[in-house]
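Below is one structure, written out as C-alpha cells; the observations come after it.
The values are calculated or read from the model by the stated rules, or taken from the named source; none is laboratory data. Treat the numbers as computed from the prediction; the structure is a model and nothing was measured. Glycine also receives a Cβ, built like all others from the backbone with ideal geometry; neighbour counts cover every protein chain displayed.
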Amino acid sequence: MFSAPPILRAEQIATLPVHLRRQGQTAPWLQVQQRGRQAHSFIEGPAFDEAGRLLFTDIPYGRIFRMQAGGQVELVFEYDGEPNGLKSLAPGRWLIADHKHGILLLDLEQGRVTPHCDRPLLERFKGVNDLYLAADGTLYFTDQGQTGLHDPTGRVYQLSPDGRLQCLLDNVPSPNGVVLEASGEALLVAATRANQVWRLPLLLGGGVSKVGAFINLSGGVGPDGLAIGPDGCFAVCHPGLASVWIFSRHGEPLWRVVSPVGRMTTNCVFGGPDGRTLYITESDTASIVSATLPVHTGP
C-alpha cells in the first residue's frame, strides 16, 4: 500500500448564479437518485469547446451551461432530458450521455437534440452515464441505471465510427466514468458501487480480455468521473471522500485534490495552456473548482 499523497487545495472559480438555480424544486431524477430531495441543480459532465470555454450539464433539469473565461455562467440549452456526460464532437456539436434518452447529438447552432444511439436491438438502455470519444472517432460509454453489488449488470459499450455497437462488459456494479488510457491499450471504468476503477485491456480484433480491478477505494460513495491528464496520469472523482485523486499511469497515488466547497466532487476535465489544470464540478454547491498539478518527475 501507499502513504497518503500530498494534498492540493482547489479554488472556486465559478458558481451557478441565483437566477439559474431551481430553488425549492425537484424532478424525477432527484426522486430516485437523491431520495426525493429538493435541489436547485446537480451539475456534471464538464467539457471544453473549441474556443476553450467550459460547458457542463445539469442532470435533473435537462440543462447545458457554459462558463466564460471570467467565471460567468450562462444557460446555452434546455430540453426534456437528463444529461450527464458531455463531449465535443465538432464545433457546435456535442454528444450527450442522457440517462433518460440514451446517447444524443446536440446541435447548438440549430438548437436541437436528436438520437445518436438510443435503442440497440430495439431495447432501451438502463440509463447511460458517461462517455469518452477517442481520437479515431470511437465512442465508449457506460450504461449504469440502478445497478450495483445487488445487481451487477451495468454495461460498457463501444460505438465505432461506422455505427457498429458492441457491448464490452455486462457485469459491472454501477459503471460510471470512462476514459481511454494514454497508451490507447485499455479502458478505465469507474465501478462506483464496488468502490473500484476497473481496467479493460482492448483486444486488437475487438472486445476486451483479462479485465481487472486497477484501483481500490473506500468510503460511502465510490468513484464517479474520470479524466486523463498529463504524463499519462489520470484523475478519479471520489464524492465519498469529497476529493479527486490523481494517479500515475501505473496506479500510484500522486495527489489528493480537495474542494474548498461542498462534498460532491462528481466529474472533472483537464485543461489550461499546458493541460495541467483540473476543472471539477462540485454538485452540492453547483460550483466549478480547479487546481493545477505540479510536474510529476517519477516513473
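Does the range 215-233 include one or more residues that are in contact (Cβ under 8 Å) with a residue 24 or more places away in the chain, over 20 Å from Pro46 (Cβ atoms) and of a type in the set (A, V, I, L, M, F, W, C)? Spell out how you get there, then give the answer.
Of all residues in the range 215-233, those in contact (Cβ under 8 Å) with a residue 24 or more places away in the chain come to 215, 217, 219, 221-233.
Now drop any that are not over 20 Å from Pro46 (Cβ atoms), which leaves 215, 217, 219, 231-232.
Within this subset, residues satisfying the condition of being of a type in the set (A, V, I, L, M, F, W, C) are 215, 217.
Checked against the condition, which is being in contact (Cβ under 8 Å) with a residue 24 or more places away in the chain, over 20 Å from Pro46 (Cβ atoms) and of a type in the set (A, V, I, L, M, F, W, C), the range 215-233 yields at least one hit.
Being farther than 21 Å from Arg53 by Cα, among the charged types (D, E, K, R), in contact (Cβ under 8 Å) with a residue 40 or more places away in the chain and assigned to a strand (DSSP E or B) is a description that applies to Arg256.
Taking strands (runs of 3 or more DSSP E) as the structural unit, those lying wholly within the range 1-74 and holding at least 1 residues that are under 22 Å from Cys237 (Cα atoms) and without any contact (Cβ under 8 Å) to a residue 60 or more places away in the chain correspond to 54-58, 63-67.
Results for (1) in a loop (DSSP other than H, G, I, E, B); (2) over 20 Å from Asp136 (Cβ atoms), shown as yes or no for each residue.
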{"position": "Val179", "(1), (2)": "no, no"}
{"position": "Ser183", "(1), (2)": "yes, no"}
{"position": "Ala190", "(1), (2)": "no, yes"}
{"position": "Trp198", "(1), (2)": "no, yes"}
{"position": "Leu204", "(1), (2)": "yes, no"}
{"position": "Lys210", "(1), (2)": "yes, yes"}
{"position": "Ile215", "(1), (2)": "no, yes"}
{"position": "Gly222", "(1), (2)": "yes, yes"}
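Here is a check on your reading of the model: is Val257 modelled with pLDDT of 95 or more and on the phi < 0 side of the Ramachandran plot? Criteria met by Val257.
Residues in the range 51-110 that are farther than 23 Å from Ala27 by Cα and among the charged types (D, E, K, R): Arg53, Lys87, Arg93, Asp107, Glu109.
Among the residues of the range 76-100, those that are in contact (Cβ under 8 Å) with a residue 24 or more places away in the chain and in contact with a Lys or Arg (Cβ under 6 Å, 6 or more places away or on another chain) comprise Val76, Gly81, Glu82, Leu95.
Contact map, the range 120-142: first residue without any contact (Cβ under 8 Å) to a residue 24 or more places away in the chain and more than 19 Å from Gly225 (Cβ to Cβ), second residue in a helix (DSSP H, G or I) and of a type in the set (Asp, Glu), Cβ cut-off under 8 Å, separation 6 or more or different chains; the map is empty. For first residues located in the range 284-299 and closer than 30 Å to Arg21 by Cβ and small (Gly, Ala, Ser), partners that are surrounded by fewer than 17 Cβ atoms within 10 Å (Cβ to Cβ) and at pLDDT below 95 and lie 6+ apart or on another chain with Cβ distances below 7 Å do not occur.
Residues that are assigned to a loop (DSSP other than H, G, I, E, B), surrounded by 21 or more Cβ atoms within 10 Å (Cβ to Cβ), out of contact with any His (no Cβ under 6 Å at 6 or more places or on another chain) and among the aromatic types (Phe, Trp, Tyr) occur at least once in the range 118-133.
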